[in-house]
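Inspection log for the structure reproduced underneath, given as structure tokens.
Please treat every number below as a calculation from the coordinates, not as lab data. Here the structure is a predicted model, which is why all the values come from computation and not from measurement. All Cβ positions, even for glycine, are placed from backbone atoms using ideal geometry, and neighbour counts span all protein chains on display.
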Amino acid sequence: MTDTKGVQAADAQTAERKKPGSLLRHRDFLLLWTGQTVSEAGTAVSTVALPLVAVTVLKASAFQVAMLTFLASLAFLLVSLPAGVVVDRVRRHSLMMWCDVARTVLVLSIPLTAVLWHVTLWLLYVVAGLVGLLTVFFDVAYQSYTPTLVGPQQIQDANAKIGMSREVSRLAGPAVAGALVDLIGAARALFIDAGSFAVSALSLFLIRTPEPAVTGGAARVPFRTAMNEGLGFVLKHPVLRMIVASTGTYNFFNQAGAAVYVLFLVRNLHASAAAVGLVFAAGAVGGVIGGSLSPRMARKFGSARIIWLAQLLPAPLYLLMPLAPAGTLGVVLFAIGYAADGFMVLVYNTAQLTYRQRECPPELLGRMNASVRWIVWGTIPLGALLGGGLATWAGVRTTVWVSTIGGILAVIWLLASPLRTMRDIPELPAD
């Protein structure tokens, strides 16, 4: 006679042992998470401070301000695909660390130049372009390194935590940036971003988890063939290609507006530097709320369905941005719309990144992530050019209108994909 209770108890104990431990007790993940939280906070400072250097110190035009965004994002269009092959052929941990060291030196050059001499627009352009280049390699390596650090059963939790901390950093960073710009000037505020890259480099240096040896197709086949394998995987996948199309469309139109948001707030809505910082912080508040509700929303609506619902549900609030009048009320309305956008981005990105990491073989992760980045971030410099040109020709407010409507329509790609009839992302098989 079978001891049913004994078997059930043994099965329960086995299942318990297979449960992954809490990431809050994972030393090396905590180092990675902490370093990136600090780095994202510094980057959030630069998001406000760098264009304010151009606008308030150098009196840059709308097109010149947009060129900063164009140059910062141009590398995603030019080198993302080769970066993916490099990431799959080298130690991702070391690559990330040295990228952080180089970004520290580059960003530090701006406030040091401001103290010792005077800043020029060309210096801003060079730093923006080179930091953008290094960021391509870092980000592709980062998305590919995380699954090897925490294991497949913890990917979704890790993505949610990283996304949440990014939004907290975005919340604190712009508010700090606005206050710092008012206190010490826009250029000197960039000392914070330089220091944040140094902290990230140190946190990576302290990680001790061995990284798996470089194996797989990328190390054995010609460079161009390896590059095409990643792009082919994305474009042939019925869901991934629609996610990429939607994200690329959103980024294109969103960046057209983002390239002139500071200009719109300062010159159209008459916002102070501190108010600009608070508006950007509002976007992070939306992200924090999205991060806290994301797991609950995924359970309620479905982990696959939430990918398109995240874009659709808050869309009406985006219209508050181009509708905002001059003055305090307009700044508040713009902030509400920007917060709704932040909410959407966090929920959407957590869900679609988890889907990508689960669908892709480990040996293709770097090239897959690079291919996705090449397309979805490659549209950003084009959007920035649209924003600068449209603002010069038709006005800044018209540019914000075009950006908002185009971003809302990006969800059409997802509604036409297999995601529309899926409820949940397929679960990984147990080890």
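Taking θ as phi - 60° and the Karplus parameters 6.51, -1.76 and 1.60, the scalar couplings of region 253-260 work out to 6, 4, 6, 4, x, 4, 5, 10 Hz in sequence order, x denoting glycine and proline. Relative to the longest principal axis of the Cα atoms of the chain, the long axis of helix 62-89 makes an angle of roughly 20 degrees. Summing +1 for each Lys or Arg and -1 for each Asp or Glu among the other residues whose beta-carbon sits under 14 angstrom from that of M297 gives +4. For region 365-374, backbone phi angles converted through the Karplus equation (6.51, -1.76, 1.60; θ = phi - 60°) give residue-by-residue couplings of 4, x, 6, 5, 4, 5, 5, 4, 4, 4 Hz, Gly and Pro being listed as x.
With θ taken as phi - 60° and the Karplus curve 6.51 cos²θ - 1.76 cosθ + 1.60 applied, the whole-hertz 3J(HN,Hα) list for region 277-283 is x, 5, 5, 5, 5, 4, x Hz, x standing for glycine and proline.
Once divided by 2.2 N^0.38 Å, the Cα radius of gyration of region 23-421 becomes 0.93. What's the center-to-center distance, using Cα atoms, between region 322-366 and region 24-52 in Å? Cα centroid of region 322-366 versus Cα centroid of region 24-52: 17 Å apart.
Please give the helix 4-18 orientation as an angle from the longest Cα principal axis of the chain, in degrees from 0 to 90, rounded to the nearest 10. So the inclination is approximately 30 degrees. So if R0 is 22 Å, what FRET efficiency would H118 and A179 give, r being the distance between their Cβ atoms, rounded to the nearest 0.05? For R0 = 22 Å, the calculated efficiency reads 0.40. For the chain, the longest principal axis of the C-alpha atoms and the axis of helix 396-409 are separated by about 20°.
Packing-based ranking of 398-405, 189-196 yields 189-196, 398-405, ordered from highest to lowest mean Cβ neighbour count within 10 Å. Ranked by the mean number of other Cβ atoms within 10 Å of their residues, highest first, the peptides 100-108, 311-319, 373-381 come out as 373-381, 100-108, 311-319. What does the charge count around L112 come to, taking other residues whose C-beta lies under 14 Å from its C-beta (Lys +1, Arg +1, Asp -1, Glu -1)? Combined, the nearby Lys, Arg, Asp and Glu give 0.
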